[in-house]
1. Restricting to the range 48-97, what's the tally of residues that are assigned to a loop (DSSP other than H, G, I, E, B) and surrounded by 14 or more Cβ atoms within 10 Å (Cβ to Cβ)?
2. Cβ contacts < 6 Å: first residue closer than 19 Å to residue 91 by Cα, restricted to the range 106-133; second residue modelled with pLDDT of 95 or more, any location; separation 6+ or different chain. Result?
3. Do you know which residues across the range 224-245 are surrounded by 11 or more Cβ atoms within 10 Å (Cβ to Cβ) and within 39 Å of the chain's Cα centre (by Cα)?
4. Criterion first (within 24 Å of residue 119 (Cα to Cα) and surrounded by 14 or more Cβ atoms within 10 Å (Cβ to Cβ)) does residue 173 satisfy it?
5. For residue 173, state whether it is touching a strand residue (DSSP E or B) at 6+ places or on another chain (Cβ under 8 Å) and of a type in the set (Gly, Ala, Ser).
6. Given the structure, is residue 100 surrounded by 10 or more Cβ atoms within 10 Å (Cβ to Cβ), touching an Asp or Glu at 6+ places or on another chain (Cβ under 6 Å) and in a loop (DSSP other than H, G, I, E, B)?
7. Within the range 116-125, identify whether any single residue is over 28 Å from residue 36 (Cβ atoms), in a loop (DSSP other than H, G, I, E, B) and either of a type in the set (Lys, Arg) or over 27 Å from the mean Cα position of the chain (by Cα) (or both), and answer yes or no.
8. Which condition number in (1) within 24 Å of the chain's Cα centre (by Cα); (2) at pLDDT 95 or above is the one that residue 168 fails?
Amino acid sequence: MFGAMRLTAGCLAGLLLVQGAQADQQILDDLVVDGSACVGTDCVNGEVFDFDTVKLKENNLRLLFQDTSNSPSFPTRDWRLVANDSNSGGRDHFTIEDVTGGNEILTLIGGAPQYSLFVNNAGKVGLGTDAPQRNLHLVSGNTAAIRLEQDGSQGFPGVAWDISANEDGLRIARDGADLLGIDNNGNVTISGNLVAGTPASTFPDYVFAADYRLMPLPQLQQYIAREGHLPGIPAAAEVGANGLNMTQFQVQLLEKVEELTLYTLRQQAQIDALKARLEARQ
């Protein structure tokens, strides 16, 4: 049975003074709340919580994480959660602030579409979708696009690259000008030059050297009949199995063009010689 507590006039006056002044309370032990809690100047008696365990309620909502570590080897950075700006005309937002660095690390603006940012249990990120199929999956109702921008803040020229895709295909643009396009049939459109592969280490000018051995035409004919392709040119089966090195292939084609030029010059020399002999007999 509880004992009686005697209140003197002085004690009662002291309690009323503390209540009226809303003095700070310091709790020097663990505090367990069996229920929900409301914190803020606008919390009222009979507050409705629904399924909320903790509610922050006032017109300037901030939650500060202040690290008081004093050892040089311990992290000491302070962080803050901010809900909405506190000034007239400010933003409706939820922000994670690096208080020590004075930076907004993450800001979510109110009114953003459903699943503006979604991370599934595999770490895949969805932008506009709750079912990302790749490491980064962007969904839009009209032309999904991303921008890569160098803003000039570190002394390099400012430039912006856009990658977009819609029913017409994929486009890569720089500062608003299309540079590369791939349509739905795989056709590629490029506004500049295309450099494929690695630079050629040799160029077939050696074909015109005095000691270059040009395959005799009868031998060439036998090779083609046996192999089904020109010497030095990969066969269709080889290309199908290993792909085609476009740089090397262009060099090989030029080699064959130069060899064809030599064959033509030799044939012309033979034609001229035969023509001269015929004219000499007339």
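1. 2
2. So the pair list comes out as 106/96; 107/93; 107/95; 108/94; 109/93; 110/92.
3. 234, 238, 239, 244, 245
4. no
5. yes
6. yes
7. yes
8. If we test residue 168 against (1) within 24 Å of the chain's Cα centre (by Cα); (2) at pLDDT 95 or above, just (2) comes out false.
The values are calculated or read from the model by the stated rules, or taken from the named source; none is laboratory data. Nothing here was measured: the structure is a model prediction, and the numbers come from that model. So basically every Cβ, Gly included, is an ideal-geometry build from the backbone, and we count neighbours across all protein chains shown.
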